[in-house]
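To keep things clear, I will list the structure first and then write my remarks on it.
The values are calculated or read from the model by the stated rules, or taken from the named source; none is laboratory data. Just so we're clear, the structure is a prediction, and the values are computed from it rather than from any experiment. Positions of Cβ are backbone-derived with ideal geometry, glycine not excepted, and every protein chain shown enters the neighbour counts.
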Amino acid sequence: MSDSHDHHLELLTADQVSRSFSHLCSAILRPRIAEIGVTWQAWGAKDVHNRPCGLLLAKRIASESGTILSVVSLVVTPDERRKGVASRLLQHIRSAATQDGISRLHLSIPLERPCTAALHKLTPRRDGWTTSPGKVVVTLSDRCRVEPLLIRLEQSVARMSRRAQWHIEPYPRKLTSELQQRLKHSGSEPIGAPWDPADNSYSWEPEHRFSRLLRGDRGQIIGWLITHIAGIDLLRYGKLWIDPGWEQTGAPLALLCDVMRTAHFQHGIETREGELCCPVRRGCFISHPTNERLHNLILRKFKPVCDSWVEVENCLLNL
C-alpha cells in the first residue's frame, strides 16, 4: 500500500478544477468553481500516475470573531482512500489558513454515515478540534408516504388561516428595494434576512419557480420560503422565515404546502410565473434543533415519512 507522500498536492485554480477535478465536485458546488481564488479555495491531490484523486473545497465566511474557513467538500476516490490523502489535504489547508490570518477552521460531520469515523479521525480533540451539535438534514422522496401528510397539513392550514390576512406570491427574481430594506435592517432588528446575492457564504442561488414571498394585511413582506436545486432531481428548502407574530396564523405551513404541492405533486402545469413545471422527485431541508418549536414539528410530522434523517456535528479548530 502506498502512503500519502506518493501523492502530489497543490493549490488549484478555478480553471484546473474545471478541467481536471470537476468529477470530484458535486453538482451543487460546480457553479462556485468560478469563485475559486476569490472567496473559495481548492486543494487537489494526484496519484503516482498523475491522475486526480482528491479534492478539498473551502469557502471564507466573515464573522464577528474573525474570518472562518469552512471546508464544504472533501472527496477522495475509492482506490486512494486509507492512504492519508484526506489528512494531508486538511493539513495543507490548515497551514494555508494560518498564514492567511484565518481565525478558525470549520468542518461539518454527518453522524452515523459511512464517512463519519474517517472524518472524526481527521478532527481529533488532541489536535484542538472542538465539537457541538449542528443541524439535521431531512430528505423526502416517497410520494405515497408524503402526500397523506401534505393533505393533513393543507387541512390544518385551511383551518388556521380563516382569519389570517396574508397572501403568497412568487419570490422576485431580482433583489427589490423592499428586500434590500429587509437586508439593511436585519442586522439591527429581530427580523430575518432574505437571500443576499452579495453574501459569499451562500453556495447556491434561488430556484424561483418554487420560491415564495409572503405579504401581510397591509401588503408588507412578512416572510418567505426560498428553495434551490441541490442535485439531480433534488430541491432543497433553503430559507424559511416568518416575522414574529405571524407564526400562529398557519403562514409557515402555508408556504411549505404551497411549494411542496407545486414542486413535487403537480404534473405539466404552469407555475405562478407561467413556466411549465414537472414534479421534482426529491426534496430536502435542514432543521435546527435550537429552534425547538419548528424542530419538534419536523420531528413529529416528517421523520416518520422521510428517506433519511442525518444529524450533523460541527467541528471547529481555533488557529
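Which of the residues belonging to the range 41-72 are aromatic (Phe, Trp, Tyr) and more than 18 Å from residue 86 (Cα to Cα)?
Correct list: empty.
Given (1) in a loop (DSSP other than H, G, I, E, B); (2) within 23 Å of residue 318 (Cα to Cα); (3) among the hydroxyl-bearing types (Ser, Thr, Tyr), where does residue 73 come up short, assuming only one miss?
Residue 73 satisfies all of (1) in a loop (DSSP other than H, G, I, E, B); (2) within 23 Å of residue 318 (Cα to Cα); (3) among the hydroxyl-bearing types (Ser, Thr, Tyr) except (1).
Six or more apart or on different chains, Cβ under 7 Å: which pairs go from a residue in the range 38-51 that's more than 11 Å from residue 10 (Cα to Cα) to one that's surrounded by fewer than 19 Cβ atoms within 10 Å (Cβ to Cβ)? Could you list them?
Between residues of the range 38-51 that are more than 11 Å from residue 10 (Cα to Cα) and residues that are surrounded by fewer than 19 Cβ atoms within 10 Å (Cβ to Cβ), the close pairs are 39/60; 39/200; 48/2; 48/6.
Can you find, within the range 57-110, the residue that is surrounded by the fewest Cβ atoms within 10 Å (Cβ to Cβ) among those that are among the hydroxyl-bearing types (Ser, Thr, Tyr) and within 23 Å of the chain's Cα centre (by Cα)?
65
Which residues, taken from the range 142-195, are under 25 Å from the mean Cα position of the chain (by Cα) and among the polar types (S, T, N, Q)?
Once the filter is applied, which keeps residues that are under 25 Å from the mean Cα position of the chain (by Cα) and among the polar types (S, T, N, Q), the range 142-195 yields 176, 180, 181, 186, 188.
Answer yes or no: is there a residue in the range 223-242 that is out of contact with any helix residue (DSSP H, G or I) (no Cβ under 9 Å at 6 or more places or on another chain), more than 23 Å from residue 136 (Cα to Cα) and in a loop (DSSP other than H, G, I, E, B).
No, the conditions are met nowhere in the range 223-242.
Can you tell me which condition residue 223 does not meet? The list is (1) free of Cβ contacts under 8 Å to residues at least 40 places away in the same chain; (2) surrounded by fewer than 16 Cβ atoms within 10 Å (Cβ to Cβ); (3) among the small types (Gly, Ala, Ser), and all the others hold.
The failed condition is (2).
Suppose we keep only residues that are assigned to a loop (DSSP other than H, G, I, E, B) and under 13 Å from residue 239 (Cα atoms) within the range 204-216. Which one would you say is modelled with the highest pLDDT?
In this case the residue turns out to be 211.
Tell me which residues, restricted to the range 162-185, are of a type in the set (S, T, N, Q) and closer than 20 Å to residue 237 by Cβ.
The answer is none; no residue qualifies.
List every residue pair whose Cβ atoms lie under 7 Å apart, where the two residues are 6 or more positions apart in sequence or sit on different chains, the first residue falls within the range 177-194 and is closer than 15 Å to residue 220 by Cβ, and the second residue, located anywhere, is among the basic types (Lys, Arg).
Taking only residues 6 or more apart or on different chains, the pairs are 191/182; 194/182.
Given the criteria touching a Cys at 6+ places or on another chain (Cβ under 8 Å) and of a type in the set (Ser, Thr, Tyr), does residue 67 qualify?
No: the conditions fail for residue 67.
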